[in-house]
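Participant: Below is the structure I would like to discuss, written out as structure tokens.
The values are calculated or read from the model by the stated rules, or taken from the named source; none is laboratory data. Keep in mind the model is a prediction, meaning the values are calculated, not measured. Cβ atoms come from the backbone with ideal geometry, glycine included; neighbour counts cover every protein chain shown. We work out accessible area using only protein heavy atoms, side chains counted, and drop any ligands, DNA or RNA first. Shrake-Rupley method; radii C 1.70, N 1.55, O 1.52, S 1.80 Å.
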Amino acid sequence: MRGASNAVAVFLFVASAASPAIGAEREVLIRNATVLTVTNGVIENGSVLVRGTKIAAVGPADSVRASADATIVDAAGRYLMPGIIDAHSHAGVVGSVNEGSLANTGMVRIMDVLTDEDVTAYRQLAGGTTAANILHGSANAIGGQNAIVKWKWGRPIEEWPIPDAPPGIKFALGENPKSSNFNPGGGERPYPNTRMGVEEVIRESFIRGREYMEKWERHRAAVKRGERPIPPKRDLLLEEMAAILRGEVHIHAHCYRSDEILMLMRVADEMGFKIRTFQHVLEGYKVAPEMAAHGAGGSTFIDWWGFKMEAYDAIPYNVALMARNGVLTSVNSDSDELGRRLNQDAAKAMKYGGLTEDEALRLATINPAIQLGLDHRMGSIEPGKDADLVIWTGHPLSTYSRVETTFIEGDVYFDRQRDQARRIELAAEKQKLLDREKERADREKAAAKKNEKVTP
């Protein structure tokens, strides 16, 4: 356990408790549940068959058959939904999420500092969250490259990233990249200090990226003609800018104010790239038609605001107003704590804006999956998709419901009964160690007293 503390050790048993080896071709039949497929309605008294890592069949309980060797999970009286997907997280990172020394650090990778020892990953599994978009911080206009992971607690970190996840990068607008409230580098405030400067950094970065692309295109053309030119100097930052211009990298842009949202879309149109999602986007409701026209999604909080000046114009109806204006909308956490309660944020959109139950469920499942380019494998209960599933005691949009079991690709990564049993075992183990330590201290104390009597 590499020196993990007791708090972490409590939970390491979970993945290994899943019966066959990870990824083995085995069957699990979850039957008699109310199945919330998200994309194909609700199946009362339904069953889901998992074969290997994938969903093999979905339907009424009497229509889904499993082999004689299948593990049967009776979910009568329970609800089954796809795993929740968090489109904006900073969990699982060792140290700072910001490389704040430059205005553009698009060459750094958050994957390089991910850890499999952050217990908040397990706690999010206990809240039904199975996957997350791990982003760089917002200290600079263009931050680092993201990592989209599944919370495979107890497995090596190499197994967490989703292999075919489209690459992404963090942009940031507003108070953070212009160092209004903090200076990550210390000393004199670095450029940019204004919103104008933030815009200039982004535009200049793409001008340089386009020039870099053209140098390589000329080089490849010369090689094709049979010439032997010296290749351009490789630049990891400009390679990232070029990849964005080619449409190979998704931009996830931290923002709050409507004027900045419009600004970035204008720069994107000018330079020939697209914004995949606006993150936080608390004033998205003011410019939702423009966002929809650009094709940008919005990933937001529903009732978290007022923590700085640019967050003062937020309203709880933001989610519904963006959705009603054609913006693909999701709720996200930006927080280890909120990452295990995203079902409740989705539910609030029914109160604040009147979204339907299906629309609310989509906010935390299929919509973020689409935003991350992973709806072919996550976000709904459909044959062929990854078996990322969560069994709830009641409807997941109810504050009275809690998670019983969380599966990722067919393996159990959280089980409430196992968790509670393991807590009792570890409490007993801890008490045993404390008793042993007390006995040792008592022996040492008695020996010291004996020595005092012997000494003249």
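Participant: For a quick check of your reading of the model, give me the residue pairs whose first member lies in segment 57-71 and is among the hydroxyl-bearing types (Ser, Thr, Tyr), whose second is assigned to a loop (DSSP other than H, G, I, E, B), with beta-carbon atoms closer than 8 Å and at least 6 apart or on different chains.
Facilitator: Going by the 8 Å Cβ cut-off, the qualifying pairs are Thr71/Ser19; Thr71/Arg26.
Participant: Name the residue that is nearest to Ala346 (Cα to Cα), counting only residues in segment 399-438 that are of a type in the set (Ser, Thr, Tyr) and touching a Ser or Thr at 6+ places or on another chain (Cβ under 6 Å).
Facilitator: Taking the candidates together, the pick is Ser401.
Participant: Would you check if Thr120 is within 24 Å of Val149 (Cα to Cα) and in contact (Cβ under 8 Å) with a residue 40 or more places away in the chain?
Facilitator: Considered against the rule, which asks whether it is within 24 Å of Val149 (Cα to Cα) and in contact (Cβ under 8 Å) with a residue 40 or more places away in the chain, Thr120 comes out as yes.
Participant: Condition first: open to solvent by 80 Å² or more (accessible area, probe 1.4 Å), among the charged types (D, E, K, R) and at negative phi. Can you find one or more residues in segment 253-263 that meet it?
Facilitator: no
Participant: Considering only residues that are part of a loop (DSSP other than H, G, I, E, B) and either at pLDDT below 50 or closer than 30 Å to Val119 by Cβ (or both), which ones fall in segment 12-41?
Facilitator: Selection gives Leu12, Ala17, Ala18, Ser19, Pro20, Ala21, Ile22, Gly23, Ala24, Arg26, Val38.
Participant: Which members of segment 240-255 meet the condition of being touching a strand residue (DSSP E or B) at 6+ places or on another chain (Cβ under 6 Å) and either over 17 Å from Asn133 (Cβ atoms) or among the hydrophobic types (A, V, I, L, M, F, W, C) (or both)?
Facilitator: Val249, Ile251, Ala253, Cys255
Participant: In this structure, does Ala76 turn out to be touching a Pro at 6+ places or on another chain (Cβ under 8 Å), touching a residue at least 12 places away in the same chain (Cβ under 8 Å) and either under 30 Å from Ser179 (Cα atoms) or assigned to a loop (DSSP other than H, G, I, E, B) (or both)?
Facilitator: Considered against the rule, which asks whether it is touching a Pro at 6+ places or on another chain (Cβ under 8 Å), touching a residue at least 12 places away in the same chain (Cβ under 8 Å) and either under 30 Å from Ser179 (Cα atoms) or assigned to a loop (DSSP other than H, G, I, E, B) (or both), Ala76 comes out as no.
Participant: Follow-up question, since we're still on this one. Identify the residue in segment 267-312 that is touching a Phe, Trp or Tyr at 6+ places or on another chain (Cβ under 8 Å) and among the acidic types (Asp, Glu) and, among all such residues, is most open to solvent (accessible area, probe 1.4 Å).
Facilitator: Result: Asp303.
Participant: On the phi > 0 side of the Ramachandran plot, at pLDDT 95 or above and touching a Pro at 6+ places or on another chain (Cβ under 6 Å): which single residue out of Gly354, Gly295, Gly373 fits that description?
Facilitator: The conditions single out Gly373.
Participant: Output the residues belonging to segment 375-408 that are over 21 Å from Ala121 (Cα atoms), aliphatic (A, V, I, L, M) and in contact (Cβ under 8 Å) with a residue 60 or more places away in the chain.
Facilitator: Matches in segment 375-408: Ile381 only.
Participant: Can Gly354 be described as under 28 Å from Ile251 (Cα atoms) and not hydrophobic (A, V, I, L, M, F, W, C)?
Facilitator: Against the criterion (under 28 Å from Ile251 (Cα atoms) and not hydrophobic (A, V, I, L, M, F, W, C)), Gly354 does not qualify.
Participant: If you go through segment 42-54, how many residues are surrounded by fewer than 22 Cβ atoms within 10 Å (Cβ to Cβ) and either modelled with pLDDT under 95 or part of a strand (DSSP E or B) (or both)?
Facilitator: So the count comes out to 6.
Participant: Does Asp411 meet the test of being in contact (Cβ under 8 Å) with a residue 12 or more places away in the chain and within 24 Å of Ser89 (Cβ to Cβ)?
Facilitator: yes
Participant: Could you tell me which numbered condition Arg210 fails, if it satisfies all but one of (1) open to solvent by 40 Å² or more (accessible area, probe 1.4 Å); (2) in contact with a Lys or Arg (Cβ under 7 Å, 6 or more places away or on another chain); (3) not aromatic (Phe, Trp, Tyr)?
Facilitator: Evaluating Arg210 over (1) open to solvent by 40 Å² or more (accessible area, probe 1.4 Å); (2) in contact with a Lys or Arg (Cβ under 7 Å, 6 or more places away or on another chain); (3) not aromatic (Phe, Trp, Tyr) leaves (2) as the failure.
Participant: Pairs please, first residue from segment 189-207 and open to solvent by 70 Å² or more (accessible area, probe 1.4 Å), second anywhere and assigned to a helix (DSSP H, G or I), Cβ atoms under 8 Å, 6+ apart in sequence or on different chains.
Facilitator: Once the first residue is open to solvent by 70 Å² or more (accessible area, probe 1.4 Å) and sits in segment 189-207, its partners that are assigned to a helix (DSSP H, G or I) give Tyr191/Gly197; Tyr191/Val201.
Participant: Among the residues of segment 62-97 satisfying the criterion of being over 22 Å from Lys150 (Cβ atoms) and β-branched (Val, Ile, Thr), which is most open to solvent (accessible area, probe 1.4 Å)?
Facilitator: Selected residue: Ile72.
Participant: Continuing with this model, one more query. Please name all residue pairs, on different chains or six or more residues apart, with Cβ atoms under 9 Å, provided the first residue is in segment 243-256 and is under 18 Å from Ser138 (Cβ atoms) and touching a residue at least 24 places away in the same chain (Cβ under 8 Å) and the second residue is among the basic types (Lys, Arg) and open to solvent by less than 10 Å² (accessible area, probe 1.4 Å).
Facilitator: From segment 243-256, the pairs are Ile251/Lys170; His252/Lys170; Ala253/Lys170; His254/Lys170.
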